Structures are given as C-alpha cells and as structure tokens.
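Taken together, the values in this text are just the output of simple stated rules run on the coordinates, not laboratory data. This one's a predicted model, so the numbers in the text were calculated from it and none came from an experiment. Counting neighbours? That spans all protein chains shown, and the Cβs are built from the backbone with ideal geometry, glycine included.
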C-alpha cells in the first residue's frame, strides 16, 4: 500500500506545482474559483492527491513530473 497521504494541504500542492509558477494566494484564488479540485472541512482545505494529479495531467503536466517535484516539461 502507498504510504503517501490521500490528501494534500494547500502548501503541499503549492510546493508540487512550483512556487515560482504560481503564488500561494493565486492557488487559493484558483481554489475559491473552483478551478482546483478540493474539499472543505470547516476552515480546512484539503486537496485529494489523485484528483490533483489528474487535474495537473489535464493541464499537460504528467504524473512523473509531479512526483519529481512539479517541474514542467516545457523548456524556457
């Protein structure tokens, strides 16, 4: 069985995406616009890991890139 948690915090998701790609506030704004899959439990926001990976893949980032720390495949 996978030892990774089933959910991510917003800060964990922010690190995976890459702090140089989007600000923490930008991620919260995307969550509030319902662009990022998430659950609200009281004031806590949790992001289901599987749904987050699928969301990133749909945006063109592969699960392997997510596992490597959120590096994007596009070169600059």
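The set of residues in the stretch 15-45 that are in a helix (DSSP H, G or I), touching a helix residue (DSSP H, G or I) at 6+ places or on another chain (Cβ under 9 Å) and within 18 Å of residue 57 (Cβ to Cβ) comprises 16, 17, 27. Taking the criterion of being loosely packed, with under 11 Cβ neighbours inside 10 Å and on the phi < 0 side of the Ramachandran plot, the residues of the stretch 23-43 that qualify are 25, 33, 40, 41, 43.
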